[in-house]
Amino acid sequence: MGSVAEPELAEAHMRQLLGSLGLDVNYVRGQANTLYFLDNGQEHAVVDFVGGYGSLIFGHNHPKLVAYAKQLLDAQVPIHAQFSYHPYANELATALNRVHRREFGTAEDYRAIFANSGAEAVETALKHAEMDRSIRLAALGEQIHSHVEEARAAVAAGAAVVADQAYDTVGVTDRSADSYERLVEAVHRHNEPKFARSPLFLTLEGSFHGKLAGSLQLTHNSAYRLPFRALAAQARFLPFDQPAAIDKALDEERTFVFDVVVRDGVVDVVERELPVIGGFFVEPIQGEGGIHEVGVDMARAIRAAADAGGFPVILDEIQSGVGRSGAFFAGSHIGLTGDYYVLAKSLGGGLSKLSVLLVRDSRYQPDFELLHSSTFAKDAFSCHIAREVVQMLEADDGAAYRRVVERGDQLRAMLERIHSAFPDVVKDCRGRGLMLGLEFQDQSTCDDEIIASSARDGLIGYVLAGYLLREHRVRVFPTASASHTLRFEPSVELTDDEISQLESGLEAACQLLHERAGARLVGAA
């Protein structure tokens, strides 16, 4: 009897989709910017421009990091030593603070909270920001309660009278005996639902902050977000790089409660603004939204609005950070200082799963440490690897950053050549450092039905990826929420030959689009 094939139980639907696009390749080895797969026992090399979605600033299995990982494992560093002192975590936090002070010229420390993935760190940021907002909310409620009691005592003692305009403000018409108590009841009726309002987080159109229950509501792509909308705090998405839209949104969301005050023997009712906005999440360079960089004017407007409103700026540097832009923090290019930073991906060196939330000391809530925990976070292996990554980036006066800029400039120059050669096919080339995107023109009305239907179904980027892999042994993917934009996030080890191989593949793919040769593009001719 022949052997029976095991059922496909691990994301079989995704496997089928990958197979239809020619992307269901089983890679068996990786080194630098190269992945290898086996075909009939023979190893084939593929140049990897996906780079773990930006997780591999030093490439696959960097020898120095691998050697260090082996050293750590041979030394039997503890992976599971929860609820104990972790000096290595503090060393990593100190190293990250040192880099931040250098790039932003700031002196204030940032406290570190550890997690395992970028999405988990975003969730942690959401929780901390809401804890901070809740504390401010409670303080406002206590102030109002104190003021109500002070006014009550003054009225009872005959030291104060209620102003007519106070009654008018809260809508009390009966001003006979015990009218102050009716005023207080009206204040409470007005305030209670407003204090119970859920927080609102601001972010930008095109944003991507993860796919967990909370982080998903910060992700602009409605296909991902809307089926789970009821699970978490909501976000308001502001137009990308339109500074005027920030003040407009804040004016529309501004919420006031009533407070009772005594001035010169007169009780009055005044409005106090309620802290509704939990924070402003920003990717300095949007990854999944199509590789878009926030402009300097927008950065200034975000920072000014947060300072005026008292809410934090939360910089999501999961994909753009840890050297990928040519600086450790991509926000440093546009002068946008965060109150929080979310770091992940390349921080693990391609070997460990690690993320860190940095919180400005003046905004940090120490009691958060008693309410939040994560089983695998802050382990010795991951922290040591991450600290080594930081040291490698910072070595030789930041030689790695300069290498990112130089390699990125070469890669972008090639992409610009493709753009110039095929303006009817390629719409734009953009990005910074080794985080670049090539946007294709809309092909949904193409007279080749294979190309047109792929574009209408949001699969044109994946069709291009399948072609480049099959015919040119180049691995690329589109961005998740803008599938007509191919992303390029190779490691700092990128070579001229690898750039040339990508250029040949892109030229051929663009020529097929230009010729409307859809069948050849999908390998059907």
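The values are calculated or read from the model by the stated rules, or taken from the named source; none is laboratory data. In this text the structure is predicted, and so the values were computed from the model without any measurement. Cβ coordinates were reconstructed from backbone atoms using ideal geometry, including for glycine residues, and neighbour counts include every protein chain displayed.
Looking only at residues of the range 172-187 that are of a type outside the set (Gly, Ala, Ser), assigned to a helix (DSSP H, G or I) and crowded, with 16+ Cβ neighbours inside 10 Å, we find that the one that is farthest from the chain's Cα centre (by Cα) is Tyr180. Apart from one condition, Arg432 fits all of (1) closer than 21 Å to Ser346 by Cα; (2) surrounded by fewer than 18 Cβ atoms within 10 Å (Cβ to Cβ); (3) touching a His at 6+ places or on another chain (Cβ under 8 Å); the exception is (2).
Among the residues here, Phe104 does not qualify as in contact (Cβ under 8 Å) with a residue 40 or more places away in the chain and either surrounded by 22 or more Cβ atoms within 10 Å (Cβ to Cβ) or basic (Lys, Arg) (or both). Please determine, by comparing only the residues of the range 395-429 that are out of contact with any helix residue (DSSP H, G or I) (no Cβ under 7 Å at 6 or more places or on another chain), small (Gly, Ala, Ser) and buried (at least 18 other Cβ atoms within 10 Å of the Cβ), which one is nearest to Val492 (Cα to Cα). Checked the range 395-429; the qualifying residue nearest to Val492 (Cα to Cα) is Gly408.
I'd like to check something: does the range 163-171 contain any residue that is of a type in the set (A, V, I, L, M, F, W, C), surrounded by fewer than 19 Cβ atoms within 10 Å (Cβ to Cβ) and either at pLDDT 95 or above or closer than 20 Å to Gly310 by Cα (or both)? Taking every residue of the range 163-171 in turn, none turns out to be of a type in the set (A, V, I, L, M, F, W, C), surrounded by fewer than 19 Cβ atoms within 10 Å (Cβ to Cβ) and either at pLDDT 95 or above or closer than 20 Å to Gly310 by Cα (or both). Of the helices (runs of 4 or more DSSP H) contained entirely in the range 37-138, those carrying at least 3 residues that are within 30 Å of Leu486 (Cβ to Cβ) fall at 51-54, 63-74.
The set of residues in the range 1-36 being more than 27 Å from Gly408 (Cα to Cα) and touching a strand residue (DSSP E or B) at 6+ places or on another chain (Cβ under 7 Å) consists of Val25, Asn26, Val28. Taking the conditions (1) surrounded by 12 or more Cβ atoms within 10 Å (Cβ to Cβ); (2) more than 50 Å from the chain's Cα centre (by Cα); (3) not in a helix (DSSP H, G or I) in turn, Ala154 satisfies each one other than (3). Inside the range 331-351, residues that are aliphatic (A, V, I, L, M) and under 14 Å from the mean Cα position of the chain (by Cα) make up a count of 3. Of all positions in the range 246-260, none carries a residue that is surrounded by 24 or more Cβ atoms within 10 Å (Cβ to Cβ) and outside any strand (DSSP E or B).
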